[in-house]
Each structure stands twice: as C-alpha cells, then as structure tokens.
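Below is one structure, written out as structure tokens, with a few remarks after it.
The values are calculated or read from the model by the stated rules, or taken from the named source; none is laboratory data. Keep in mind that what you see is a predicted model, and the values were worked out from it rather than measured. Methodologically, a virtual Cβ is constructed for each residue, glycine included, from the backbone with ideal geometry; neighbour enumeration extends over all protein chains shown. To get the accessible areas, we keep the full protein, side chains included, count just its heavy atoms, and leave off ligands, DNA and RNA. Shrake-Rupley method; radii C 1.70, N 1.55, O 1.52, S 1.80 Å.
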Amino acid sequence: MTFDTSACSRPHTFFHRQGVELWCENVPLSRIAQEVERTTYIYSRAQIETNFMAYQSALADVPHQVCYAMKANSTVGILQILAKLGAGVDTVSGGEIARALRAGFTPHKIVYSGVGKTRKEIAYALKQGIGCFNVESEPELERINEIAQSLGLRAPISIRCNPDVDPKTHPYISTGLKNNKFGIPIAHAETIYLRAANMPGIEIKGIDAHIGSQIIDTQPYLDSVTRLIDTMDRLKARGLVLSHIDIGGGLGIQYRPEDVPPTPQTLLQPIKALLKARGFGDIKLLVEPGRSIVGNAGVLMTQVQYIKYGDTRNFCIVEGGMNDLIRPALYSAWMDIVPVVERHDIEPLVMDVVGPVCESSDFLGRARELAVKANDWLAVLDAGAYGASMACHYNSRVLPMEILVDGDQVIPLRDPETYEHLIQGERFLDL
Ligand code: LLP
C-alpha cells in the first residue's frame, strides 16, 4: 500500500491520510473515536517494530544490545512488543524494573540508570539479577558494593560518565554537561574504576554515557564516545578490560520538517567505525533509545469541545490537556496537530489549541491554523514518547485511554478509567 503522508507531514509512518481520513495502519482513527469517546493514545505496532528493527539491523554486525529506554513509554502492552523482539531495557526505578519483568524482559537484559537509587531499589534490582547498574556517583558505588556484599552477591556495574558534551538540545533534556546532575565527571572515572576493581561486591562490566534527548546531530555522540574510548584506553593500560560500552539514548525524531535526525544506521555507522579504529571493534555496544522507538508510533486523539473567539486570540478548547500530554507545557515543545477527518466546508482559523486544565500553560499548540468545529477530533502527532508515561491525574482527570492498532485490529492497552479510579488507594477519615 502507498500512503499519502502529505496531510500528516511524516514520511514512512504508519499514520497516513486516505481521502479526508487519518488512518493508523488499516484502521481509520474516526472509527476508534466513535468507540472510545474520550482522549486516547493510539499506537501502531508495525511502527514500533520497524523502529526497533532499524537499531537491530544497524548493529547486526557487532555484538550489541538495544536497551529500550522505557521511560519514553512504559505501558505494559508496548513493553511486551519490545520484549518479544528480544530487546533489553533501560530502567530508572524499582518500579520500572518490576514493570519490565512483568512484561517479559529477561533480567540480564535490564540496565538500571538514575542518580538517586535507594537502598530498597538497589537490593530489589540485585535480587532480580539485573544485567548492569549504571552507577552515577561514588557514594552510589559504595552503597551498591555494601548491599551486594550483605546479600552475598556481586553487582554488575558500569560507570556512567559525564563527558561534558553539549548535545545542542533543550536545556531540560541535556544530561551530559558538567553542570548537569548526571554521571561522574569523566576526569574522575579512572580513579573510581580502580577503586571499584577492589570492591568485593562489585563486578565491573562496562562504561556508559547518556548526553541528552531529541539530539539531531551525530557529532555530540562522536565526541562523547571518543571520551569514553580515551577512558577505556587508560583503563586497559592499567589492566582493566571492559566488556561493554553503553552510548545511551537520545536520538531525536522529526517533530517539524526542519528537524532531520540521523537514522540509527547513519548514527551508529561512524560510532562502530570509531570503536574499530581505536581497537575496540569487538566490544559489546549498548544503546538506550526511547523516543526514536515509540515517538512517531503514537498519536494523541482528542475531541474539540468549544471554539472560543477572543479579542486577541481564538481558542480551540479540546478535552485533552497538559495532564494527558505535558511536553508542550513543560518544554514549549512543538507537536503537529491535525484533524482526524479533514473538512473543507469551513475556512481555517488560527487558534491556540488548549486543554481544560486550570493553568495558562495548558496548551497543546499555539497559533495553529485549523478548520475544525466543536465535536470534531484532532490528533497530536508523534506523541508516542513521553506522552502517556508522563500523564497524571491533575485536576482529578482520568488518564487518557491507550489503544494499539495491529493491522486491522484495535486492541485496548488499558481499561478506561472511571471516577472510582481517581480515589483508588486513598483512605477515608473516620469522621
Ligand atoms: N538513557 C537515559 C539514561 C536517559 O535518561 C534517557 C532519557 C534515555 C536513555 C532515552 O532518551 P531518548 O532516546 O528517549 O531521547 N521528557 C522529555 C525527555 C526526557 C528524557 C530523559 N532521559 C521529553 O519529553 O522530551
């Protein structure tokens, strides 16, 4: 089938326009709208699999493990798809590890990052037999060593290095600069590795860096990997040979036509070449992509409630708000918004697309030209990553529904929440 992607501006995605209708794989979104009657994330299974396989084939010629960064989308059904394809997973909390295990990931393919691992989380991860702790500070290393010894285990670790590289992305999602809280300054890494080598509860596995997110330039990765290789060289000279290098995640996606990120192939080719040229061609290469696996595989579909004409601005008020999709409010992120069914019977109007939440930052898009009426449905594109996983109940709003499309099948990934869910787990006072 050839898809006319002009109306949703994304080539090669499984969301496509046929006539006036926006489809996901073989299902028109308007059909789902009629069934769900609520704000809903819709995911394409084929797109998730295609995105994951792009990493697998880019790495097919070297020892590797693709560890999906599940913070991008941790819905169990989505995790199951990736676990079934043999993915590993990058986690950042005990809760994520538990979720990953429930979804079928094998423990040794779990890596565990994060600056604030608690004692409970470390003990839990050790007991589950995870593959690697990405250690973010010296006190954390000491804590892991102590807990592993008390459990009679050895903790597999890599040191997350902060390479002080500018990924040229939004400051809130840069993580590899020296003023960020993440990782250990790379200049200190060697000393800490040598200390770790003498800790009885520690088993050194690899080295790690993650420099940020929505990166659309290859150079920052090459700079970061060069610094990791320099460290590996120094460690090798001291007799410490590492078995893996984890270059983190962060590859961007195309939110706007001018964002042209490299493909996994174009990103990883020069990295593999660099490793080979520096004598590390056989080392296992780990990557931790999140957004580039699920981002363009999901849209948020929401219904227009009112069109409100103002003196200086017009508003398209939709059911979905910042609690459903926080990226525009939090990072001023641009996300394309298109009608689910295009209409040609009215003139388009420039409007702010806003939600019902009582905050002025509650918008999904500013100054968008749209031909829509109340009760029409809109789709926010490229919402598969950091959408549902960042949703919350603020304003006592039920969570958005989530649906997977697989060919012509429409599969709910959760129960639609009711008002009863909103107070689940809370205790009433005996007044
Ligand atoms: N590995 C680590 C250690 C990370 O902290 C992250 C993301 C990733 C991998 C995956 O990065 P990705 O491939 O998805 O770019 N909420 C923000 C993004 C926060 C990213 C946090 N860390 C957003 O909506 O843009």
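Just a few scattered comments:
- Enumeration of residues in region 164-189 that are part of a helix (DSSP H, G or I), at pLDDT 75 or above and not small (Gly, Ala, Ser): ILE186, HIS188
- Test: residue in region 359-369 that is more than 20 Å from ALA72 (Cα to Cα), in contact with a Gly (Cβ under 9 Å, 6 or more places away or on another chain) and either open to solvent by 50 Å² or more (accessible area, probe 1.4 Å) or in contact (Cβ under 8 Å) with a residue 60 or more places away in the chain (or both): yes
- Residue match in region 263-271 (condition: away from the ligand (no atom under 15 Å from the Cβ), in contact (Cβ under 8 Å) with a residue 60 or more places away in the chain and part of a helix (DSSP H, G or I)): yes
- When the residues of region 370-379 are filtered to those that are under 15 Å from PRO28 (Cα atoms) and assigned to a strand (DSSP E or B), the one that is most open to solvent (accessible area, probe 1.4 Å) is TRP377.
- Scanning region 168-189 for residues that are away from the ligand (no atom under 13 Å from the Cβ) and open to solvent by less than 60 Å² (accessible area, probe 1.4 Å) yields LEU177, ILE184, ILE186, ALA189.
- Check on LEU275, touching a residue at least 40 places away in the same chain (Cβ under 8 Å), of a type in the set (A, V, I, L, M) and more than 11 Å from the ligand (Cβ to nearest atom): yes
- Checking each residue in region 54-88 for being away from the ligand (no atom under 16 Å from the Cβ) and more than 18 Å from ILE271 (Cα to Cα) picks out VAL76, GLY77, GLN80, ILE81, ALA83, LYS84, LEU85, GLY86.
- The residue that is farthest from the ligand (Cβ to nearest atom), counting only those in region 288-305 that are more than 14 Å from TYR68 (Cβ to Cβ) and open to solvent by 10 Å² or more (accessible area, probe 1.4 Å), is GLN305.
- Residues (out of contact with any helix residue (DSSP H, G or I) (no Cβ under 8 Å at 6 or more places or on another chain) and more than 22 Å from ASN134 (Cα to Cα)) located in region 69-106: GLY77, GLN80, LYS84
- Residue within region 72-85 that is outside any helix (DSSP H, G or I) and surrounded by fewer than 18 Cβ atoms within 10 Å (Cβ to Cβ) present: yes
- Residue, farthest from the ligand (Cβ to nearest atom), within region 223-262, restricted to residues that are open to solvent by 80 Å² or more (accessible area, probe 1.4 Å) and part of a helix (DSSP H, G or I): ALA237
- Matching option when the condition is in contact with a helix residue (DSSP H, G or I) (Cβ under 7 Å, 6 or more places away or on another chain), assigned to a helix (DSSP H, G or I) and within 16 Å of the ligand (Cβ to nearest atom), among ALA148, ALA125: ALA125
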